[in-house]
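Have a look at the structure below, then the notes.
Derivation of every value follows stated rules applied to the coordinates shown; laboratory data play no part. If you're wondering where the values come from, they're calculated on a predicted model, not measured in any experiment. Quick reminder, even Gly has a Cβ in these numbers, built from the backbone with ideal geometry, and neighbours come from all protein chains shown.
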There are 2 protein chains.
Amino acid sequence: MRSHEDGRTASQIPEVVVMRLPLYARALAVLEKESQEVVSSNELAARLQVTPAQIRKDLSYFGRFGKQGRGYNVGHLLSHIRRILGLDRQWSMALVGVGRLGRALLHYGAFAAEGFKLVAAFDSDRRQIGTQIDGVVIQSMEELSSTIRTREVNICIIAVPALKAQEVIDMVVQCGVRAILNYAPIACRVPGDVCIREIDPICALQSMTFHLKVPRINR
Amino acid sequence: MRSHEDGRTASQIPEVVVMRLPLYARALAVLEKESQEVVSSNELAARLQVTPAQIRKDLSYFGRFGKQGRGYNVGHLLSHIRRILGLDRQWSMALVGVGRLGRALLHYGAFAAEGFKLVAAFDSDRRQIGTQIDGVVIQSMEELSSTIRTREVNICIIAVPALKAQEVIDMVVQCGVRAILNYAPIACRVPGDVCIREIDPICALQSMTFHLKVPRINR
């Protein structure tokens, strides 16, 4: 894989690479906080449990960073990755489903700290509508479409029960939302131009037990 | 990739394949509930937004399923995948960190329904210790080590603040836990024989904004 000085379009970058960039950004932010100015791919790799070659290859998709044998400039690389990921601006999010999980998410300070502002929340439970959590008023599902448009919501978080999830996802896609963070344990369908990430602890657990119990394969 | 009638050891199976098996199991469980007896890789693929070839290749790691042109027997394939993943038994979990997120997790019914039983919970907040949530008594951190051993805990869920997470992860690894579900937003270190999965909504969001804002690469 050669370095490219010219920009590539988003669709040419493997998704696994895009998924690793936030981890690089996080490690670099820690280094910047510790006032470290230069970091080698070896040192960065050790902090992230990936290989140095992996880091160099991933970054090569976006241009040339660092000089041979001199490592990367922490601040420069961090701001570059943040720009690549679109983290140099604020994003507006709406939450759909304000049950126990939804409440925990509304209280979760890290979203705003990282530039993801929860500007609206929706639930179908009439008793909740009009109440307020951390400054966000819970609205009815009927208000979803107009609020998403007027508040210019970029991303929706889905925290409704599994049985309702596909219907709600269809609704927010209809409203023009192109990025969805889904906490409902379903295999949902979205159009090709919509990006969806699943937060799925059950699947994570089920893929770990594979390693805990080395299974007998083929009966 | 050829089919293998002989068993492979866990370490020979690519991790991405292991991560997809729970999704296959979930889709098959839905089909079984709908009393469908046979499913083609095309139909299964359509439900999961993967390619039929991907499914056939993934399953080929574990033996031969289904007959050419006749599809898979739903019940047989499901029980086979469940056995491969070690889902034909119950697993005991402990939660460390009973803040808002921890509470939502203790109330989350899907864990027990899928065979993952939360048998213990720990927090350092003295006011919480001794209180009970959904039948689980919150214990002090000092009791962690002995409880993990006596309750034969297989998996730990980490829901403590980022600054405490590495320390807590080291503790549970020390107690012999080999599977960790980590909700703290850190790049943590574990020994090679410990399996860890990160539940990280920030990273998920940050990898989606890449697609929302097609960035200008190289200034």
Checklist outcome for this item: Quick shape check on segment A:91-204: root eigenvalues a ≥ b ≥ c of the Cα gyration tensor, a/c under 1.5 is rounded, otherwise prolate if a/b tops b/c, else oblate, and it reads rounded
Next on the checklist: Label position 7 Å from Cα toward Cβ: report the copy-to-copy distances for residue B:145 in nm, one decimal, ordered from shortest.
Outcome noted: 6.1
Checklist entry - Under a 5 Å amide H to amide H cut-off, with H placed in plane at 1.01 Å, what residues pair with residue B:196 once short-range neighbours are removed? => result B:180
Checklist entry - What is the protein assembly as shown by shape, rounded, prolate or oblate, if you read a ≥ b ≥ c off the alpha carbon gyration tensor as root eigenvalues and call it rounded for a/c under 1.5, prolate for a/b larger than b/c, and oblate otherwise? => result rounded
Checklist entry - Counting Lys and Arg as +1 and Asp and Glu as -1, each charge on the Cβ, what is the dipole of the protein assembly as shown about the Cα centre in debye, to the nearest 20? => result 860
Checklist entry - What nm distances, shortest first, do you get from the label point of residue B:113 to those in the other copies when the point sits 7 angstrom along Cα to Cβ? => result 3.2
Item to check | Hits among lysines - C-alpha to C-alpha of residue A:164 under 30 Å, sequence gap 8 or more where chains match | outcome: A:117, B:33, B:117, B:213
Next on the checklist: Assume the label is 7 Å from Cα along Cα to beta carbon: what separations in nm does residue A:29 have to the matching positions in the other copies?
Outcome noted: 3.4
Item to check | In sequence order, calculated HN-Hα J values of segment A:49-58 (Karplus, 6.51, -1.76, 1.60; Hz; x Gly/Pro) | outcome: 6, 10, 8, x, 4, 4, 4, 4, 5, 4
Item to check | Share antiparallel - DSSP beta bridges, chain B, percent rounded to 5 | outcome: 20
Checklist entry - In whole Hz, what ³J(HN,Hα) sequence does segment A:106-120 give by Karplus (6.51, -1.76, 1.60; θ = phi - 60°), x for Gly and Pro? => result 4, 7, 6, x, 5, 4, 4, 4, 9, x, 10, 9, 7, 9, 7
Next on the checklist: For a test of the definition: using alpha carbon positions, the gyration tensor, and the 1.5 limit on a/c, classify segment A:38-124 as rounded, prolate or oblate.
Outcome noted: prolate
Item to check | Principal-axis tilt of helix B:15-33 within chain B, Cα atoms, nearest 10 degrees | outcome: 70
Checklist entry - Where the centre of each part is set by its Cα atoms, how far does segment A:142-165 sit from segment B:141-173, in angstrom? => result 36
Checklist outcome for this item: Rounded to the nearest 10, the angle in degrees between the Cα long axis of helix A:201-212 and the longest principal axis of the Cα atoms of chain A comes to 50
Checklist outcome for this item: Longest principal axis of chain B (C-alpha) makes with the long axis of helix B:74-85 (C-alpha) an angle, in degrees to the nearest 10, of 40
